[in-house]
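Data first, discussion second: the structure below is written as structure tokens.
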Amino acid sequence: MKLYARSAADLARSIRSKEHSVAEVVEAHLSRMERMEPILSAIITPLKEEARARASALDIALSRDENPGPLTGVPFIVKDNFCTRGVRTTCASRMLEGWVPPYDATVVRYLEEAGAVLIGKANMDEFAMGSSTEHSAFFTTGNPWDPRRVPGGSSGGSAAACAAGYAPLAFGSDTGGSIRQPAAFCGVYGFKPTYGMVSRYGVVPFASSLDQIGPFSRTLEDLLLAMEVIARPDERDATCSRALRPDFRKALDVTDLRGKRVGLVKEFEGYDIDGAVIESLRSAREILIDAGASVVDVTLPTVGHGLACYYIIAPAEASSNLARFDGVRYGFSAEADSLIELYHKTRQGGFGPEVKRRLLMGTYVLSSGYYDAYYNKALKVVAILRGEFDRAFSEVDFILAPTTPTLPFRKGENIGDPIRMYMSDLFTLPANMAGLPALSLNGGYSEGLPVGIQLIGPRFGEMEIFSAAAVIEKSLGLPRLAGGVL
Amino acid sequence: MALSFQTVIGLEIHVQLATKSKLFCSCSTDYIGARPNSNVCPVCLGMPGSLPVVNGRAVELAAMVGLALGSKVQQATRFHRKNYFYADLSKGYQISQFDLPICAGGLLVFDDDEGKEVRVAITRAHLEEDAGKLVHPSVDGRLAGALHSLVDYNRGGVPLLEIVSEPDITCPPHARRYTEEIRRLVRYLGVSDGDMESGSLRVDANISQKVSDGRWGSRVEIKNMNSLRSLERALEYEVKRQRKVLAEGGEIHQETRHWDDGEGKTRSMRSKEEAHDYRYFPDPDLPPLIVTADRIEALRSLMPELPWQAERRLVDAYGLGADDAKVLAESAAAVAYLDGCVQAGAEAKRAANWVRTEVLRVLNERKISIEAFPLKPESLASILALVDRGKLSTTAAKDVFDVMVRDGSGLDTAMAAAGVVSGRVEGSRLEEIVEKVLAENADAAEAVRSGKDPKDKKIKFLQGLVMRETRGQADVAQVASLIARKLS
Ligand SMILES: [Zn+2]
């Protein structure tokens, strides 16, 4: 098997056994990236020289028999909202086009300490606001299964890169589905951990109470390996749990689900869902039943208000999070004759239209006189929704749901219709609002396009999800590498 | 009938807490004199992706102030974001407490200048972060005339405790006294240096007038009062201004006014309509701050004596005068020093007198705090013991004190160095000194001998010289009779 088609666990093993050097592994992935990039445009900043230098340093360390980390020599890609010391971090925005952070995101630090090699920073919707990566200020990214279609978003570049074999591991941030929806569209695993499972330090936030950082991979083993590296406490993030994390890879041994109860959300049945998605859900359900699980209907009466509440809370937090981009300290700064003019011109010129739309919405819903009608009410609905999930998880161990209502749509198809674009996060954003872990995994293919299905667990119930995913992977096999035909 | 007015004042005092690091990052709070933007990091510069983590020490200091003021220290509190744009604000919002402050309620009782008791209820005290500082590189350092502005974020993120009073204050002198008392408290607790000039204690005032005809003037906020004197002056000015407007049938509008100390006037800064909409909402980066009941109790048990308690004790237990007690109870260290002297056997009143005059004099001269004072209370007590036993005159004791402070030497060495011999100068040693003085002052001696000293001026002069030579260690009567004998 080509090196770029192999899993992270496999690559790490062969590097440890000195079957391959880190340089060979990194070079194979860099050339795969070079070959595919003209078609996909998934990467904003490739890090070829940096990766080669790091590879040779790691090879020297390995030749001295220094103890390698669990991911030594494994290439990885991060979404371009992860701060990387000395490497520009753009958030796909003109606002940060030339900004070079003086520090690493905690997740990047943990990965590099584990021996992984950063080879590029991926395209995304500007400041993670979008569901197609078309809102990047720089360029759009193609879906590796059909480059005329979108890879999803906002972590579309990371998903496409992982699916197409640029790297076995990629990372993104998920505020309302920004990992899971592109994972579904690109046919890879994409996991949003429980809120507080992974440090958010150094990842430029969209909505702080909803954002979580998570991995993309092409095997469940890689996903769990990545989780073991990144899901650790961090004293720099007060919202990151200090509790010990489980031994995630134990889930790989699970073969039967006897006694487990799978929930199907009654309210989701009423939505307009693509037939291929329904078909994949049905087969996943059969697999789970065959493994001994029982299926139970659960009800989330408030879930229908999720989209509306999400588009109040997320923009509200974003309007405050993005206030710091004022042209005074870093990033884009317009020529101006006064402070107020500096603010106007910098923010007018630095932000794209979707970001502006959300900042306006967010500012509005927090304004005095509207706070109670919108923001406060949305928080109350979220509290109710959390309660409904709690009740559901007293009856089931995890929930099986679609990731997205549709298969990957064409570029330009939804760009003029924000509401339709927002609808693609319908099934993913409840997990963000309730802080729950949720995994999108490949549930098969329809007319050459991947179909995603979603498993949602209770808070810190990662192992429930991973156990079910292990059973499904054993039955369906690994997702295919994309872009083989291109 | 002439109108009468009632002044209503509420104060908001911002106290910079004396923590080593900032409220949400580990940068140093020591910004005075530091190179601009040297005490900064991604967190306090508001760099994208950075996150705040609460400084536990700042929470403790805030709770101590609350306990001292009789506030309820709240177990569950949280931080909000106060959103507004200004160049000294690195994130576009200030992290501040809003609906759940760390301290709720409280009461401050103090005497006014006439000794009458004043009671001012405390609304709340909450934690927030300070902003950076704008520097205008114009000739006179003012905004007007500067071609550009520079921002120094060293102060950004320094912890502040905002203590908000109820509008219980009825005149400008009481506002000043209230502020003095808060300043004394925070200094005494070691919670802040409370320095108004350098800005570690800042006061904003809300002031309005109630008119005898039933009208009530709107509340006006006064800012930029950088000393106790300017606080009192600004409020006096504002009382007059508001009363004049109201007396002429005018209206007072809600607004913020800026005190100009040079002009001696307040000027309108912004009206109610121009006020910011801060869009407060809970900061999602900071989980609710839980201060457990155990931690609050532990803090309560560690609370030192409060300044007003110490003041009372100095009067009751040591018999000090009200004035001495008040001066000493400005500082916990001064009280502790006095207590040390008393424990080492010194008589309280004498020791208090020494601490207030000699010790505080040295502290002022050297510009050091009492913690850095080189003489231990036991050493001062041992000097005072010699005085008590008549072995050292007060003058000689002060010489010894000065040498000990100067050289850090022990009592015996200092006495030798100061030329002081413990015990009386008498007998042949005294006689030698008398003869020496008479020889060196032959004119005066001759005048006495020949009876040309009608008012005893010259003999007193000679006696004084002898006493000085003996460092006061001789008996005055003995000296007088010796001189009389020698010159008879
Ligand atoms: Zn800092």
Each label sits 7 Å from Cα toward the beta-carbon; between A:L307 and A:Y364 the label points are separated, in nm, by 1.7 nm
Proxy reagent accessibility, fewest Cβ within 10 Å first, across B:W354, A:W99 = A:W99, B:W354
At what distance in angstrom do the alpha carbon centres of region A:280-316 and region A:104-146 lie from each other?
-> 27 Å
With Rg from the Cα atoms and Rh as the Kirkwood inverse mean 1/r over Cα pairs, region B:11-293 has an Rg/Rh of 0.97
Mind checking which lysines have their Cα closer than 22 Å to the Cα of A:K411? Skip sequence neighbours fewer than 8 apart in that chain.
-> A:K79, A:K121, A:K356
Shape of chain B, Cα gyration tensor, a/c cut at 1.5 | prolate
Taking the convex hull of the Cα atoms, report for region B:427-486 its projected area averaged over all directions, in nm².
-> 3.6 nm²
Entries in B:K210/B:K265; B:K398/B:K455; B:K326/B:K376 that, when Cα-Cα distance is taken, lie over 28 Å | B:K398/B:K455
Give the angle, between 0 and 90 degrees and rounded to the nearest 10, that separates the Cα long axis of helix B:394-407 from the longest principal axis of the Cα atoms of chain B.
-> 60 degrees
Kyte-Doolittle cut-off -0.5, length cut-off 27 Å along the helix's own axis using Cα: show which whole DSSP H helices in chain A pass.
-> A:377-395
Answer rounded, prolate or oblate for region B:219-259, using the Cα gyration tensor with square roots of eigenvalues a ≥ b ≥ c: rounded when a/c is under 1.5, else prolate when a/b is larger than b/c, else oblate.
-> oblate
Hey, fewest Cβ within 10 Å first, where do B:W308, A:W145, B:W216, B:W259 land in order?
-> B:W216, B:W308, B:W259, A:W145
Distance in nm between pseudo-label sites at B:D456 and B:R119 (7 Å out along the Cβ direction from Cα) = 6.0 nm
If we sort A:151-161, A:74-84 on the protection proxy, mean other Cβ atoms within 10 Å, highest first, what's the order?
-> A:151-161, A:74-84
Neighbour-count ranking for B:E162, A:E97 (other C-beta within 10 angstrom, fewest to most) reads A:E97, B:E162
Chain lengthening between B:H253 and B:E274 when straightened (0.36 nm per residue, less Cα-Cα) = 6.3 nm
On Cα atoms only, tilt of B:427-440 relative to the major axis of chain B in degrees = 90 degrees
Name the trypsin sites (Lys or Arg not before Pro) in region B:428-488 that are in a loop by DSSP and that have at most 11 other C-beta atoms within 10 Å, would you?
-> B:K452, B:K455
So for region A:424-486, using the alpha carbon gyration tensor with a ≥ b ≥ c as root eigenvalues (a/c under 1.5 gives rounded; past that, a/b versus b/c decides prolate or oblate), I'd call it oblate
Alpha-carbon centroid distance for the pair region B:2-64 / region A:1-37, whole angstrom = 51 Å
Using a cut-off of under 14 Å, list every residue of region B:466-488 whose amide N is near the label point 7 Å from the Cα of B:E435 along the Cα-to-beta-carbon line.
-> B:483, B:486-487
Return the long-range amide H neighbours of A:V296 (sequence gap of 5 or more, or a different chain), with a cut-off of under 5 Å between placed amide H atoms.
-> A:V262, A:G263, A:L264
Between B:H148 and A:R85, with labels modelled 7 Å along Cα→Cβ, what's the label distance in nm to one decimal, could you check?
-> 2.9 nm
Sparse-neighbour loop sites [trypsin sites (Lys or Arg not before Pro); region A:10-70; at most 14 other C-beta within 10 Å; DSSP] | A:K18, A:R64
What pairs in B:K460/B:K486; B:K22/B:K133; B:K436/B:K486; A:K48/A:K192; B:K82/B:K133 have C-alpha atoms more than 21 Å from each other?
-> A:K48/A:K192
Alpha-carbon centroids, region A:464-480 and region B:212-287: separation in whole Å = 67 Å
Averaging 1/r across every pair of distinct alpha carbons in chain A and inverting yields a Kirkwood hydrodynamic radius, in angstrom, of 22.2 Å
Using the 2.2 N^0.38 Å rule of thumb for compact globular proteins, work out how the protein assembly as shown stacks up: its C-alpha Rg over that value, please.
-> 1.26
May I ask you to work out the translational diffusion coefficient for region A:157-212 at 25 °C, viscosity 0.890 mPa s, via Stokes-Einstein with Rh from the Kirkwood sum over Cα pairs, reported in whole µm²/s?
-> 211 µm²/s
GluC sites (Glu not before Pro) restricted to region A:296-355 and DSSP loop, no more than 15 other C-beta within 10 Å | A:E335
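Quick note: the coordinates plus some simple rules give every number you see, no bench work behind them. In this text the structure is predicted, and so the values were computed from the model without any measurement. A quick note on method: Cβ atoms are made from the backbone with ideal geometry, for glycine too, and the neighbour counts reach across all protein chains shown.
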